[in-house]
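Visitor: Sharing a structure with you now.
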Amino acid sequence: MFGLTKNIRKVSALALTALCVLSVSGCGGEEEVELEEGSYKTIPMTDDKGEPVTDEVGNAVYETIPLESRPVTNDAGEEVYDEQGVLVTEYYDPNEKPPEIVYKVGFVYGDTMSEGATHVSFEAARQQLEKTLGLETCYVENVLVGDFPDAVNVLQDEGCNIIVAASPKFASSVDKETRSGNMTYFLSFGGNGTSSTSSSFGGELYQTAAVCGMAAAYNTENNCIGIISDPGEYNVYGVIDGFTLGTLEVLKLSQSDVRVNWAWSNDHDEIEAAVDDLISQGCDVIMSYMESDYPARYCEQKGIKVVANCGDLPEVAPDSYITGFYFNFSTYIVDEVRAIVNDNFNPRHYTGDIGAGMARLVDFGTAAKEGTADICGKYYDYIKSGQAKVFTGEIKNADGKIMVEKGQSLDFSNIININWLVQSVRKTGSFTEIIDNPVSSDLVVRR
């Protein structure tokens, strides 16, 4: 057998041709063999100081590097064969470092940034990415479900190779993108699927909602508490029921009177009508669970005490808010993106709770009665330590049917799938209207 010699033939730039010749050694001395075109590359020689090497007439001297062969694979990692069934191969330099990947993260928001409640948490995570990992980020806002693929394309054109889908309504769209072979990485809020390039995440927000329910019950004067929510919110029944069960930590079942009105997060007229209706029913404390912070702003205008899914309530409703609940996405998103950058991404479905810092509570405001922070702080600690389970029976639904037996508790795998309201919800109303021609996003990339 012949073997390639360690000494690779040196040729000048003038001597390069379509065929390359290398010396091989055998028992009869050295002889030259021709390398197949494409199975080698020529690069300029440099000396020990990194300076270019030239021949006696000043021409650059090149060295010929033989390449190795490997099978060609498709996007799914499968080997490719031609029409005759022959394995397709390609030549590559095993010593060549792959080009450095520059990562950029794009966020897709389902509402406008100017009044986003949930988006405040995502914006905090976006800023933390820039600060901690030094990555460039951007976002597209007010994106409809049907426009999600276009939003992804726009962000990819901007160089984004990691995309955070910041609304549960995009979960199915993310699944379609990953199934189509899109090699961009996705982090999907509210989804539950994974793939080689995508993770999904959520959290046990009902825990801090329960503490807020206790606060609302402690601050109501007539035991009538209103809830306004978008039916498309993450774990919407789990959060509403968690809040309502929290009211029972203060009020008896016969006392607790909770009213629920549904409205879309992006429709101010619906929100105002839903809030006004709750006030007309006698509700003196209102809880908002929406992507928008407009319900809290409107309650501030009306002088009604409010609890909301909003991390910046001190700025939104400084005189009216009691407390609030919100997600802290920063730790999770930074950790996932860091794993992608470091090439050790492990797709997963993640749900964090109070103990993990994913579900947070807003500091109590000036509208809260004296003693609210103390009583709610104890309940918060019980939930965080695991001593208190929010969904512990006996729990009946609004029709009086037992949904959780006495002494039994639901875990999050059950709570995430709840589609019923608890018995303390005395009345519901819907202010949602079908919009035939919703206004789509301008798909402008913002930073």
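Visitor: For Ile101 paired with Glu433, estimate the spin-label separation in nm (one decimal), with each label point 7 Å from Cα along the Cα-to-Cβ line.
Guide: Rounded to a tenth, the inter-label distance reads 4.7 nm.
Visitor: My understanding is that a pair violates if its Cα-Cα distance is over 23 Å; which of Lys252/Lys369; Lys131/Lys384; Lys302/Lys384; Lys252/Lys305; Lys396/Lys427 do that in this structure?
Guide: Going by Cα-Cα distance, Lys131/Lys384; Lys302/Lys384 fall outside the 23 Å limit.
Visitor: Just to be sure I understand: of the beta bridges DSSP finds with both ends in the chain, what percent are antiparallel, rounded to 5?
Guide: About 45 percent, rounded to the nearest 5.
Visitor: Give me the number: length gained by fully extending Gln281 to Glu158, i.e. 0.36 nm times residue separation minus the C-alpha to C-alpha distance, one decimal in nm.
Guide: Here the answer is 39.3 nm.
Visitor: Something else: Given the peptides 410-417, 318-325, arrange them by the average over their residues of other C-beta atoms within 10 Å, most packed first. Could you put the intermediate results ahead of the total?
Guide: Working: 410-417: 14.8, 318-325: 23.0.
Ranked from most to least packed, the peptides come out as 318-325, 410-417.
Visitor: For the stretch 218-230, just list the computed ³J(HN,Hα) in residue order, Karplus coefficients 6.51, -1.76 and 1.60, θ = phi - 60°, integers in Hz, with x standing in for Gly and Pro.
Guide: Coupling constants for the stretch 218-230: 6, 9, 6, 9, 10, 6, 10, 10, x, 10, 10, 8, 7 Hz.
Visitor: If you count the DSSP beta bridges with both ends in the stretch 275-367, what percent of them are antiparallel, to the nearest 5?
Guide: 35
Visitor: So if we plug the beta-carbon distance of Asp442 and Arg348 into 1/(1 + (r/R0)^6) with R0 = 30 Å, what FRET efficiency do we get, rounded to 0.05?
Guide: Details: r = 34 Å, r/R0 = 1.13.
After rounding to 0.05, the efficiency reads 0.30.
Visitor: Another question about this same structure. Kindly rank 95-101, 231-237 from highest to lowest mean number of other beta carbons found within 10 Å of each residue.
Guide: Going by the mean number of other Cβ atoms within 10 Å, highest first, we get 231-237, 95-101.
Visitor: Taking Lys97 as the anchor, which lysines have their alpha carbon closer than 22 Å to its alpha carbon, excluding any fewer than eight residues away along the same chain?
Guide: Counting by Cα, and skipping residues close in sequence, Lys97 has these lysines nearby: Lys6, Lys41, Lys49.
Visitor: Okay, moving on. Any idea what angle helix 236-247 forms with the longest principal axis of the chain, computed on alpha-carbon atoms, 0 to 90 degrees, nearest 10?
Guide: On a 0 to 90 degree scale, this one is about 40.
Visitor: Moving on. What ratio of Cα Rg to 2.2 N^0.38 Å holds for the stretch 104-203?
Guide: Normalised Rg, Cα atoms only: 0.97.
Visitor: Just subtract the alpha-carbon distance of Asp82 and Ser413 from 0.36 nm times their residue separation and send over the number in nm, one decimal.
Guide: Separation in residues times 0.36 nm, less the Cα-Cα distance, equals 114.4 nm.
Visitor: Going by how many other Cβ atoms sit within 10 Å of their own, how do Met183, Met113 line up, fewest first? Before the final figure, lay out each step's value.
Guide: Values: Met183 9, Met113 15.
By the 10 Å Cβ count, ascending, the order reads Met183, Met113.
Visitor: Now for a separate question. Read phi for every residue in the stretch 294-311 and hand back ³J(HN,Hα) as whole Hz from Karplus 6.51 cos²θ - 1.76 cosθ + 1.60, θ = phi - 60°, with x for Gly and Pro.
Guide: 4, x, 5, 5, 5, 4, 4, 5, 7, x, 9, 4, 9, 10, 8, 7, 7, x
Visitor: Hey, another quick one. Rounded to the nearest 5, what % of the DSSP beta bridges within the stretch 104-203 are antiparallel ones?
Guide: Of those bridges, close to 5 percent are antiparallel.
Visitor: Specify the angular offset, from 0 to 90 degrees and rounded to the nearest 10, of the alpha carbon long axis of helix 330-341 from the longest principal axis of the alpha carbons in the chain.
Guide: Around 10 degrees separate the two axes.
Visitor: Turning to a different aspect of this structure: Rank the residues Trp420, Trp264 as a footprinting-exposure proxy: fewest other Cβ atoms within 10 Å of their Cβ go first.
Guide: Fewest-to-most Cβ neighbours within 10 Å comes out as Trp420, Trp264.
Visitor: Through the Karplus equation 6.51 cos²θ - 1.76 cosθ + 1.60, θ set to phi - 60°, convert the phi angles of the stretch 395-406 into ³J(HN,Hα) values in whole Hz; use x for Gly and Pro.
Guide: 10, 10, 7, 5, 8, x, 7, 6, 9, 9, 5, 4
Visitor: Also, quick follow-up: Tell me the Kirkwood radius of the chain: reciprocal of the mean inverse pair distance over distinct alpha-carbon atoms, in Å.
Guide: 25.7
Visitor: Can you tell me the mean projection area, over all orientations, of the convex hull of the stretch 184-265's alpha carbons? Units nm², please.
Guide: 6.4
Visitor: Could you list which residues have their amide H under 5 Å from that of Tyr321, counting only those 5 or more apart in sequence or on another chain, with H placed in the peptide plane?
Guide: Correct list: Val306, Ala367.
Visitor: Mind ranking 78-84, 284-290, 57-63, 297-303 by how tightly packed they are, going by the mean number of other C-beta atoms within 10 angstrom, highest first?
Guide: 284-290, 297-303, 57-63, 78-84
Visitor: Moving to a separate point now. Check cross-link reach from Lys389 to the aspartates and glutamates: straight Cα distance under 15 Å, and skip same-chain residues fewer than eight apart.
Guide: Glu204, Asp241, Glu249, Asp353, Asp381, Glu405, Asp411
Visitor: Dimensions of the stretch 371-439 along principal axes (Cα, Å, largest first)?
Guide: In descending order, the Cα extents are 49, 31, 25 Å.
Visitor: Turning to a different aspect of this structure: Charges at C-beta only: +1 for Lys and Arg, -1 for Asp and Glu. How large is the resulting dipole of the stretch 104-203 about its Cα centre, in Debye rounded to 20?
Guide: That gives the stretch 104-203 a dipole magnitude of about 360 debye.
Visitor: Still on this structure: If I build a Gaussian network model for the chain, linking alpha-carbon pairs within less than 10 angstrom, which residue out of Ser180, Ser199, Ser330 has the largest mean-square fluctuation?
Guide: Ser180
Values in this text are rule-based calculations from the coordinates and carry no lab data. Being a predicted model, the structure only gives us computed values, none of them experimental. Note that we place each Cβ from the backbone using ideal geometry, even for glycine, and neighbour counts take in every protein chain shown.
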